[in-house]
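The values are calculated or read from the model by the stated rules, or taken from the named source; none is laboratory data. In this text, all values refer to a predicted model and were calculated from it rather than measured experimentally. Glycine also receives a Cβ, built like all others from the backbone with ideal geometry; neighbour counts cover every protein chain displayed.
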């Protein structure tokens, strides 16, 4: 009788050998990079809250992580982290979907003008495209506009340097201006309020939309750097809340499935795109939930460490010289309770806000 095509495969192909029989921190041959990332490769980071951990770990390992908006030297590190300095390659805050990053890059290139870019709260003015980077807001709309102009210049500088973009896919749910299509990282009323007359509504992006946005993002990046590489990963945390009619559990599952499938589609069709399985490492059943903090959303320092060690080993890079929990800014995002600081999405649950908005 002819043998089965499943006979004689390497250990990594069998669940029992590759997962069940191994501790969650001892996975082998999990990730085979499609392109090299060396210690001198200029890396641009962006994405959801989990991307903050990626940025800090790569920077802590001494890699050439781009930062074009450094904190003022006089600023306390904890305060700097609260204002999104040293969190990503520029101070754009959390970019939860490819559409958010694509929109930002088009704006920086002068090809897009966002609708209703300034929102207000309690007499203060906020950049609606990155409202939590200045949590107390600005004194005037002019101040917001000037700060954004400086930010867009920093974005252009970051993109010009980048040879690898590491983008963490976070959400499929977002909020958009119905007339222009401008997307925002937070819903109206969460951090600030849009101007009267703005028609901003809930938008659920499906697989085709996410995939199309990723293709457009890659094409835009290649107009400047033809051989640029895109490394995708998926944030492991479930939704804080859903604005759909679904229960938050299946809504979270659908969200992550769509993002993971879109990433797989891009990898299958383009050799310049790769996927790193951070989502799979944190949610691995062998961890029995041990890589999540008590709120069952945010990864533990141990889980993040396992993720980054897998990545570093696959690229033959040195591990961070400091413990991840001790890296600058880590204290601001460590989620000992349910009031973590640097995830705008966290505020979608009104019980987790510091006060009324």
Would you say residue 131 is in contact with a strand residue (DSSP E or B) (Cβ under 9 Å, 6 or more places away or on another chain), closer than 30 Å to residue 246 by Cα, at pLDDT below 95 and buried (at least 18 other Cβ atoms within 10 Å of the Cβ)?
-> yes
All positions within the stretch 86-106 that are without any contact (Cβ under 8 Å) to a residue 60 or more places away in the chain and either more than 17 Å from residue 233 (Cα to Cα) or surrounded by fewer than 24 Cβ atoms within 10 Å (Cβ to Cβ) (or both) | 104
Does the stretch 193-206 include one or more residues that are in contact (Cβ under 8 Å) with a residue 60 or more places away in the chain and more than 22 Å from residue 129 (Cβ to Cβ)?
-> no
Pick from the stretch 236-261 the residues that are over 14 Å from the mean Cα position of the chain (by Cα) and in a loop (DSSP other than H, G, I, E, B): which of them is surrounded by the fewest Cβ atoms within 10 Å (Cβ to Cβ)?
-> 245
Considering every residue within the stretch 135-146, establish whether at least one is within 21 Å of residue 46 (Cα to Cα) and touching a strand residue (DSSP E or B) at 6+ places or on another chain (Cβ under 8 Å).
-> no
How many of the residues in the stretch 107-150 are in contact with a helix residue (DSSP H, G or I) (Cβ under 6 Å, 6 or more places away or on another chain), under 18 Å from residue 194 (Cα atoms) and free of Cβ contacts under 8 Å to residues at least 12 places away in the same chain?
-> 0
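The rows are residues; the columns are (1) surrounded by 22 or more Cβ atoms within 10 Å (Cβ to Cβ); (2) under 22 Å from residue 174 (Cβ atoms); (3) out of contact with any helix residue (DSSP H, G or I) (no Cβ under 6 Å at 6 or more places or on another chain); (4) at pLDDT below 95.
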{"site": "223", "(1), (2), (3), (4)": "no, no, yes, no"}
{"site": "234", "(1), (2), (3), (4)": "yes, yes, no, no"}
{"site": "263", "(1), (2), (3), (4)": "yes, yes, yes, no"}
{"site": "271", "(1), (2), (3), (4)": "no, no, yes, no"}
{"site": "280", "(1), (2), (3), (4)": "no, no, yes, no"}
{"site": "285", "(1), (2), (3), (4)": "no, no, yes, no"}
{"site": "296", "(1), (2), (3), (4)": "no, no, yes, yes"}
Checked against (1) under 17 Å from residue 84 (Cβ atoms); (2) crowded, with 17+ Cβ neighbours inside 10 Å; (3) touching a residue at least 40 places away in the same chain (Cβ under 8 Å), residue 157 satisfies every condition except (2)
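Listed here are the residues, each with its yes/no results for (1) surrounded by fewer than 16 Cβ atoms within 10 Å (Cβ to Cβ); (2) closer than 21 Å to residue 87 by Cα.
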{"site": "127", "(1), (2)": "no, yes"}
{"site": "163", "(1), (2)": "no, yes"}
{"site": "179", "(1), (2)": "yes, no"}
{"site": "189", "(1), (2)": "yes, no"}
{"site": "192", "(1), (2)": "no, no"}
{"site": "219", "(1), (2)": "yes, no"}
